Amino acid sequence: MNTSNNISIQETLEKVKARDSKLKKTSHNMMIVYLIGVIIYLGIFVINPDPDFKFSERISGLFYIIGFIILGLYFRYYKRMISNLDYTLPLISVIKQAERRYYFYNKNLLWLLLAVLIIGIGVVISVQKRLPDSLTTFESSLIVSISYLLIITISFIFGIIRWRKTEKPIWLKLRQALKE
C-alpha cells in the first residue's frame with residue numbers, strides 16, 4: 001500500500017470510530033427505550049387487573065413484549081460488540097471487522113426481522129378486533145397484515161436510504177482496502 005492509500009485508510013478508520021461511537025450511544029438509548037416499552041406493556045397488557053380486558057388483548061401484548069425483548073437484547077448485544085472493539089489489532093483485522101459490521105445485509109438483520117414479525121402478530125391480534133364487524137376474521141387480519149407490511153416496507157426503504165448515505169460509503173472504502 002502506498003502513502004496515499006494509508007492516509008485514505010486512516011481517514012476511513014477515523015470515520016468508522018466516530019460512527020461506532022455514535023452507534024454505541026444510539027444502541028444504548030434504544031436498549032433503554034425497549035426496556036421501558038417492556039415494562040409499560042407488561043403493566044398494561046399482562047398485569048392489568050381490569051376484568052374487561054380481553055384475553056386476545058393480553059396475548060397481543062405478550063407478542064409486543066416478546067418483540068421488544070428481542071429488540072432490547074439486540075441493541076444490548078450491538079452496544080457490547082461496539083464497546084469491545086479493539087482498534088489496536090492489526091490493521092487488516094480491524095478493517096475486516098468493520099467491513100462485516102457495516103454491510104447492510106448481515107446476519108443480525110434476521111433478529112430484527114424476527115422481532116418485527118412477532119410485533120406484527122401482536123398488531124394483527126389487537127387491531128383486527130377494532131375493524132367493522134361486517135368483515136370476517138380472515139378479511140380483517142388480511143387488511144391489518146397488509147397495512148403493517150406496507151408500513152414496515154416503507155421503514156425498510158428509509159433504512160436502506162439512510163444506510164446508503166451514511167454507512168455504504170464507509171463500507172465501500174473498507175471493502176476496497178481489503179482488496180488492496
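Selection over region 167-180 of residues that are exposed (fewer than 15 other Cβ atoms within 10 Å of the Cβ) and under 23 Å from the mean Cα position of the chain (by Cα) gives a count of 2. Candidates L174, L142, L113, L135: the one that is out of contact with any helix residue (DSSP H, G or I) (no Cβ under 6 Å at 6 or more places or on another chain) and either polar (S, T, N, Q) or closer than 30 Å to M81 by Cβ (or both) is L113. Against the conditions (1) in contact (Cβ under 8 Å) with a residue 40 or more places away in the chain; (2) surrounded by fewer than 16 Cβ atoms within 10 Å (Cβ to Cβ), T88 satisfies every one except (1). Residue count for region 127-147 satisfying the condition of being buried (at least 19 other Cβ atoms within 10 Å of the Cβ) and either more than 17 Å from Y64 (Cβ to Cβ) or at pLDDT 90 or above (or both): 2. Pairs are defined by a Cβ separation below 8 Å, a sequence spacing of at least 6 or placement on different chains, a first member in region 24-39 that is assigned to a helix (DSSP H, G or I), and a second member that is among the hydroxyl-bearing types (S, T, Y); the pairs so defined are K24/S83; S27/Y78; G37/Y64. Taking the criterion of being among the charged types (D, E, K, R) and more than 24 Å from S83 (Cα to Cα), would at least one residue in region 58-68 satisfy it? The answer is yes, given that some residue of region 58-68 is among the charged types (D, E, K, R) and more than 24 Å from S83 (Cα to Cα).
Looking only at residues in region 45-57 that are hydrophobic (A, V, I, L, M, F, W, C) and in a helix (DSSP H, G or I), the one that is surrounded by the most Cβ atoms within 10 Å (Cβ to Cβ) is F45.
Each row is one residue, and each column tells you yes or no for (1) touching a residue at least 40 places away in the same chain (Cβ under 8 Å); (2) outside any helix (DSSP H, G or I).
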| site | (1), (2) |
| --- | --- |
| I59 | yes, no |
| L71 | yes, no |
| I92 | yes, no |
| R100 | no, no |
| N106 | no, yes |
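As a summary of the residue check, F104 satisfies the conditions (1) at pLDDT 90 or above; (2) under 27 Å from R175 (Cα atoms) except for the one numbered (1). Does L13 meet the test of being in contact (Cβ under 8 Å) with a residue 24 or more places away in the chain, hydrophobic (A, V, I, L, M, F, W, C), part of a helix (DSSP H, G or I) and surrounded by 15 or more Cβ atoms within 10 Å (Cβ to Cβ)? Here the answer is yes, as L13 does meet what is asked.
Among the conditions (1) among the aliphatic types (A, V, I, L, M); (2) in a loop (DSSP other than H, G, I, E, B); (3) closer than 30 Å to R19 by Cβ, I161 misses just one, which is (2). What about K107, is it more than 21 Å from S56 (Cα to Cα) and more than 18 Å from the chain's Cα centre (by Cα)? It is false that K107 is more than 21 Å from S56 (Cα to Cα) and more than 18 Å from the chain's Cα centre (by Cα).
The values are calculated or read from the model by the stated rules, or taken from the named source; none is laboratory data. Everything quoted here is computed from the prediction, not taken from an experiment. Reconstructed Cβ throughout: ideal geometry from the backbone, glycine too, with neighbour counts over all protein chains shown.
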